Amino acid sequence: MRVFVGTMECGENEFEKCKEAILSQDDVQVTHFIVSSMPEREAHETLFSEWNKAKADHELFLKVDADTILLHKDVIKSFIRLFESNQRITGAQAWLHDYMTDTHIYGLTCLRNNVTVATRVNKLYPDRADSGHDIVVRGNDLPKELIPAGKHCWYPSERQAFHYGFHRGKKNQLQIMSQVQNAWESNDYDSIRGLCLMGFKLSSKYQGVDYSDEEFEHAFQFAKSNYTKEFIK
């Protein structure tokens, strides 16, 4: 199977390691398409449009975000084997070991080329674009080689950490922020997770979700200037 790998990057610290991990995959035919420095909705629409053009020449689409590092050299091969094992499998969603929560989160999606992928997406939920599935395999139901399949947000900058919390605050993802809070308290109140929690706390007071949004930048600068453990608590 030929695999189209799509990555969107906007200055994430993990990007170089992300590319290295993709290029080092064993015994696979991969086309790596990269979208750079675009707002999230436009980046998704560009990537999905390119995938729709590439479907005729590729059987699988694997979305690897720039803050994601594949865990070993057989990740893509393991996805291929899974899809080859059952023609009814149209999608797979693998766990990533997430730094912020220090838990497994969903974050690595692979699709067969007969799935419909929209090219107009929601600004807040741009990754909810695929439809027309038969069987989708997730999490612990995947082969052990894909549990987890990678590391997420492992070397975040302060801006990345804040954006993580800010974005999830806009989605009201309370459980994720509770997990970040637990990891923050368990790791001597580290400032990276602290800024993530500041992002969540400030998300209701500022507009915008993209790095390039002026309101996001104002919120980030406020967080840096006012960051204290007591402010978060």
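Readers should treat all values here as calculations from the given coordinates under stated rules, not as data from a laboratory. None of these values were measured; they are calculated from a predicted model. Heads up, the Cβs are rebuilt from the backbone with ideal geometry, glycines too, and the neighbour counts pull from every protein chain shown.
Values as computed for the structure displayed
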read-out: FRET efficiency, Asp27 to Ser85 (Cβ-Cβ, R0 22 Å, nearest 0.05); value: 0.85
read-out: Among the listed pairs Lys151/Lys233; Lys201/Lys229; Lys73/Lys144; Lys63/Lys224; Lys17/Lys55, those beyond 21 Å (Cα-Cα); value: Lys151/Lys233; Lys63/Lys224; Lys17/Lys55
read-out: Rel. contact order, % - alpha carbon contacts under 8 angstrom, at least six apart, the stretch 1-82; value: 52 percent
read-out: In degrees, nearest ten, helix 174-186 long axis to first principal axis of the chain (Cα); value: 70 degrees
read-out: Total charge dipole magnitude, the stretch 2-161, about the Cα centre, Cβ charges on Lys, Arg, Asp, Glu only, Debye to nearest 20; value: 440 debye
read-out: Simple Cβ-charge dipole of the stretch 37-82, Lys/Arg +1 and Asp/Glu -1, about Cα centre, in debye nearest 20; value: 260 debye
read-out: Charge dipole magnitude, Cβ of K and R +1, D and E -1 - the stretch 158-232, Cα centre, debye nearest 20; value: 220 debye
read-out: Residues Met8, Met38, sorted so that the one with the fewest Cβ neighbours within 10 Å comes first; value: Met38, Met8
read-out: The chain - Rg over Rh from alpha carbon coordinates, Kirkwood radius; value: 0.98
read-out: Rounded to 10°, Cα long-axis angle of helix 40-54 versus longest principal axis of the chain; value: 10 degrees
read-out: Most positive-pole-ward Cα, Ile76, Pro148, Ser131, against dipole of the stretch 2-152 from beta carbon charges; value: Ser131
read-out: Residues Ile89, Ile22 arranged by fewest to most Cβ contacts within 10 Å; value: Ile89, Ile22
read-out: Straight-distance crosslink candidates among aspartates and glutamates, where the alpha carbon sits under 16 Å from Lys205 and sequence neighbours closer than 8 are dropped; value: Asp213, Glu214, Glu215, Glu217
read-out: Three-way shape label, the stretch 6-132, alpha-carbon gyration tensor, a/c 1.5; value: rounded
read-out: Ranked Val35, Val64, criterion: other C-beta atoms within 10 Å, fewest first; value: Val35, Val64
read-out: Between helix 158-170 and the chain: long-axis angle, C-alpha atoms, 0 to 90°, nearest 10; value: 80 degrees
